[in-house]
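To start, the structure itself, in structure tokens.
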Amino acid sequence: THGVNDYTFLEYVNMRLVSILDEDTDFSGNNAERTERSSRAGNAAYVQVTFTLGEQYQPNDAASGGLIPTDSVRAGLGTFFADVEADGDMEHVCSSYAAATTPPTADPTSAVGLSDFSGEVQEFNRLVGQDCGPASVMCKNPSSLPDQFVSYNIPLGFEVFDGQASSSLSANIFVSLVVNAVDTVAPTANMGNPTAPNAGGDPFQMKTTLTASIPIVAGGVNIFCDGFTAKTDLADVANVDIVVGSASSSDELTRLRILEDVASTDLSPKTASVIDTDSIESALMTLVLKGNHSYFAAGPGRNTGDYAMELDDLITLHLMEDGQATATNSKEAEVVRLLGLTGDDNSDSNGLDTDGYKLNGAFKFTIDRDEGTASLEPTAELLLACPFNPPRPEPNNSPLESCILRRDVRGRIFPARLGAVPTAMEILAAPGSARDSTEEIIDGVAENLIETSEESAFLTTILGESDYTKELAPAFARAIHARYQLNGRYRRAYWINPGYEW
């Protein structure tokens with residue numbers, strides 16, 4: 001992105017190209033009828049311009065054109081701005097958009113945008129307003145700037161970016177607009193006048209023409225409502241079981257407490273399950289990812305043969321109370337309250353903040369667009385109640401209460417603190433790439449499991465060194481494998497240490 005302005009009251013000029021496709025909302029099929037989008041025809045394209053104003057500047061009033069006068073906004077497509085300007089191809093896109101959408105004189109057949117979408121303005125607005133996109137408003141002039149941040153969306157038309165991407169930067173979107181602000185400090189400082197002038201001829205009106213460009217390159221367009229759409233709820237594609245305790249055989253495994261299908265795709269509150277245990281061993285948790293065979297197996301109409309399920313992040317909460325804390329002021333009560341709060345997608349009048357969103361009051365997703373990853377993080381409110389790795393409480397403190405956050409998996413890695421016992425591991429992990437693993441490969445891993453395996457090392461570290469523990473680990477892993485048909489790709493299992501290092 002390249003931006004030029006004549007005065008320093010504008011800062012941090014940026015642009016981004018946005019394309020909104022028509023969301024696939026046909027859920028009449030079944031799991032086997034999954035399709036990748038074969039065409040992007042009819043996508044709505046616009047450019048978003050953002051910048052900040054200095055603290056002493058505010059938008060001019062509507063009578064004087066507002067912060068960005070509609071008739072000043074122009075956009076064009078080409079290689080060099082001078083050539084596009086000379087050829088008369090810088091279009092007054094916001095004026096034409098307003099003429100086609102502003103009642104009562106709206107004319108929806110008016111020519112609009114770089115790719116003239118006369119008669120299709122309503123379709124453009126429908127695409128932009130879909131729930132799967134940022135729901136941005138076109139050519140909207142902000143009347144106030146509480147954070148001095150300006151976001152302005154300029155409609156371009158349909159399929160404007162299609163086939164234009166070039167590594168030689170030969171295709172660029174050019175934007176030119178006037179920023180019309182008022183200096184609220186200068187009148188008071190220089191003339192003792194507490195009221196900032198707004199009239200066009202007044203000396204403290206600040207105007208500048210902002211000219212900016214952004215090249216159309218591969219991967220440089222923010223695309224919404226793309227991809228292929230699942231024809232069913234995610235819970236029908238994969239789910240999770242939690243096994244509590246340990247077993248040395250398949251028969252013993254059937255007598256353990258098993259919480260089945262506990263995954264929640266709608267993040268709705270679940271009823272708490274109370275499990276009475278009296279030792280680390282009896283509280284050992286096995287988290288099992290259960291991918292649906294019919295979905296992950298390759299076959300006609302499916303392209304999931306090389307997909308794998310991964311456990312990206314796992315955070316556990318460890319609560320300790322001495323019975324003196326009341327139900328209303330305890331750590332547990334605060335955690336339950338935060339988990340019950342409604343999530344937040346971080347959308348506002350400027351559109352959708354795609355850097356992350358809150359799942360509830362306790363946890364959030366942070367998204368790294370450059371890396372294409374998302375990570376699970378605690379909210380600031382949860383960290384206040386339950387910090388990571390706090391010091392051991394003193395026995396003479398009353399009430400003896402603590403709430404501790406622990407990362408068991410982070411970015412598919414099992415983090416380990418120096419000197420601390422391990423907290424999680426994958427059992428019977430694929431020896432190579434998870435995407436290439438099969439049940440037959442894991443059969444071999446299970447058959448060759450010995451008392452010096454990583455599984456045995458994990459259990460002996462948390463349960464203590466003994467022949468019983470060394471023999472328990474491979475036997476328990478084989479029992480889990482037999483019950484869940486682990487394959488290292490979409491049927492996987494993880495042991496989680498229920499204890500804390502204290």
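The values are calculated or read from the model by the stated rules, or taken from the named source; none is laboratory data. Note that this is a predicted model, so its numbers are computed, not measured. Heads up, the Cβs are rebuilt from the backbone with ideal geometry, glycines too, and the neighbour counts pull from every protein chain shown. Areas reflect the complete protein model, heavy atoms only, side chains present, ligands, DNA and RNA absent. Shrake-Rupley method; radii C 1.70, N 1.55, O 1.52, S 1.80 Å.
The figures follow:
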quantity	calculated
Sequence-distant residues sharing a close amide H with L284 (under 5 Å, placed H)	G245
Which listed pairs, of K331/K470; K140/K207; K140/K364; K364/K470, have C-alpha distances above 27 Å, in listed order	K331/K470; K140/K364; K364/K470
Accessible area per residue, Å², the stretch 402-471 with all protein chains present, probe 1.4 Å	56
In sequence order, calculated HN-Hα J values of the stretch 483-492 (Karplus, 6.51, -1.76, 1.60; Hz; x Gly/Pro)	6, 10, 6, 4, 10, x, 10, 10, 10, 9
Hz values of 3J(HN,Hα) by residue in the stretch 206-214 - Karplus curve (6.51, -1.76, 1.60), Gly and Pro given as x	9, 10, 8, 9, 9, 10, 9, 9, 8
Ranked by how many other beta carbons lie within 10 Å on average, peptides 88-96, 422-430 from highest	422-430, 88-96
Label-point separation in nm, R16 to S144, each point 7 Å along Cα→Cβ	2.6
Full-stretch length increase - S279, S294 - with 0.36 nm per residue and alpha-carbon distance subtracted	1.5 nm
J(HN,Hα) series, the stretch 45-52, from Karplus relation 6.51 cos²θ - 1.76 cosθ + 1.60, nearest Hz, glycine and proline x	10, 8, 10, 9, 10, 10, 6, 10
For peptides 121-127, 143-149, 42-48, sequence by mean Cβ density within 10 Å, most packed first	42-48, 121-127, 143-149
